[in-house]
Structures are given as structure tokens and as C-alpha cells.
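Engineer: Please see the structure below; I have some questions.
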Amino acid sequence: MAAYLVAQLKVHDRVTFERYREAVSPLIDRFGGRYRVRGGELDVLEGDWGPWPRLVVIEFQSQDAARLFYDSPEYQQILPLRQSSADGTVAIVEGV
């Protein structure tokens, strides 16, 4: 069953975040992930979206595949670039 890695972010260092984006895309491909949403414009229809203007959704074949990507040594090596350049939340959610 498909699973999605979902991130809500607020970027505060665009230069460092761009380095992260360039490094992460090939890893997502290598682990079988596909971007479904990548920071497009948000049109909030109800409620308060909060401080996270950037939404990213990446589809993987399963929760295990998403976790293999996130826990991989390659991703863990570049993760500090995102963590130092953006605040936010990240979750893996099971699809239907």
C-alpha cells in the first residue's frame, strides 16, 4: 500500500535549503519516491494553516519504503541542511 512522506515547512535560509533540494531529489528517485506536491501555492479554504507556507508530499510504495529513504545514511547525511534552513513538521502517512 502506498505511503506518503508529508512535510510542512517554513524556509528561513534559501541558499542552504536550495543545496538540500538539489541533493535530496536524486535520493528520492533512488528510493522509488515520486513528488506529488512540491511547494506549490497554497489556497487555504478553512481554518488556520499555521506558520508552514510550504507543503511537500512524496509518494513511496509503502511505509517501509518511505522509512528506508528517511533512515538511509545518504538522507541522514543531508538532513542537517534542511533542519538548519527550515522549520517544520515531517510525517509518514499510509495511503488508501
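The values are calculated or read from the model by the stated rules, or taken from the named source; none is laboratory data. Computed from a prediction, not measured in an experiment: that's the story for all the values here. So basically every Cβ, Gly included, is an ideal-geometry build from the backbone, and we count neighbours across all protein chains shown.
Engineer: With Leu27, Leu9 as the choices, which residue is of a type in the set (A, V, I, L, M, F, W, C), at pLDDT 95 or above and part of a strand (DSSP E or B)?
Structural biologist: Within the list Leu27, Leu9, the selection yields Leu9.
Engineer: Same structure again: So which pairs qualify, if the first residue must be in the range 44-63 and free of Cβ contacts under 8 Å to residues at least 60 places away in the same chain, the second must be assigned to a loop (DSSP other than H, G, I, E, B) and exposed (fewer than 14 other Cβ atoms within 10 Å of the Cβ), the Cβ gap must be under 8 Å, and the two must be at least 6 apart or on different chains?
Structural biologist: Short answer, once both residue conditions are applied: Trp49/Leu42; Pro53/Leu42; Leu55/Gly40; Leu55/Leu42; Glu59/Gly95.
Engineer: Of all residues in the range 22-38, count the ones that are touching a helix residue (DSSP H, G or I) at 6+ places or on another chain (Cβ under 9 Å) and either buried (at least 17 other Cβ atoms within 10 Å of the Cβ) or among the small types (Gly, Ala, Ser) (or both).
Structural biologist: Number satisfying all stated conditions: 6.
Engineer: Next question. Quick check on the range 61-96: of everything there that is among the β-branched types (Val, Ile, Thr) and closer than 12 Å to Val6 by Cβ, which residue is surrounded by the fewest Cβ atoms within 10 Å (Cβ to Cβ)?
Structural biologist: Thr89
Engineer: Within the range 39-54, can you find the residues that are surrounded by fewer than 17 Cβ atoms within 10 Å (Cβ to Cβ) and within 22 Å of Gln76 (Cα to Cα)?
Structural biologist: Gly39
Engineer: I'm trying to understand the selection: among the residues of the range 26-67, which are of a type in the set (S, T, N, Q) and out of contact with any Asp or Glu (no Cβ under 9 Å at 6 or more places or on another chain)?
Structural biologist: Of everything in the range 26-67, just one residue is of a type in the set (S, T, N, Q) and out of contact with any Asp or Glu (no Cβ under 9 Å at 6 or more places or on another chain), namely Gln61.
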